[in-house]
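Read through the structure below, which is laid out as structure tokens, and then see the notes.
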Amino acid sequence: NWAYVHGSTSDPRGIDQSLLYQPDYFQPISSTMLKFNQDEEVDYFVREVLYVKGVTYRDTVHVLVLHWPSRRDGKEKT
């Protein structure tokens with residue numbers, strides 16, 4: 001029994017963020033997409049971050065889901 005929280009990013013390729021969880025162990029309270037203030041000098045796109053607040057075993061937890069840029073320009077440059 002799995003469920004998910006989905007967040008759409010502005011990535012033109014359709015790369016989104018999702019959190020997969022088991023409802024028996026985690027209950028989401030809220031979720032939102034966090035946007036970075038991108039420095040104009042940076043020449044790569046930074047995707048938004050999915051932020052999910054939820055409860056597990058009576059504790060509130062905060063989960064950040066990120067999809068980091070790839071190493072498209074090679075290991076040394078990234």
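Report every pair of residues separated by at least 6 positions or lying on different chains whose Cβ atoms are under 7 Å apart, first residue within region 58-78 and modelled with pLDDT of 70 or more, second basic (Lys, Arg) and not in a loop (DSSP other than H, G, I, E, B).
Taking only residues 6 or more apart or on different chains, the pairs are Thr60/Lys53; His62/Lys53.
Just to verify a result, which residue in region 1-36, among those that are assigned to a strand (DSSP E or B) and polar (S, T, N, Q), is least open to solvent (accessible area, probe 1.4 Å)?
Gln17
The values are calculated or read from the model by the stated rules, or taken from the named source; none is laboratory data. Just so it is clear, the model here is predicted, and its values are computed rather than measured. With ideal geometry, Cβ positions are generated from the backbone for all residues, glycine too; neighbour counts draw on all protein chains shown. Just the protein is used for accessible areas: all its heavy atoms, side chains included, with ligands, DNA and RNA removed. Shrake-Rupley method; radii C 1.70, N 1.55, O 1.52, S 1.80 Å.
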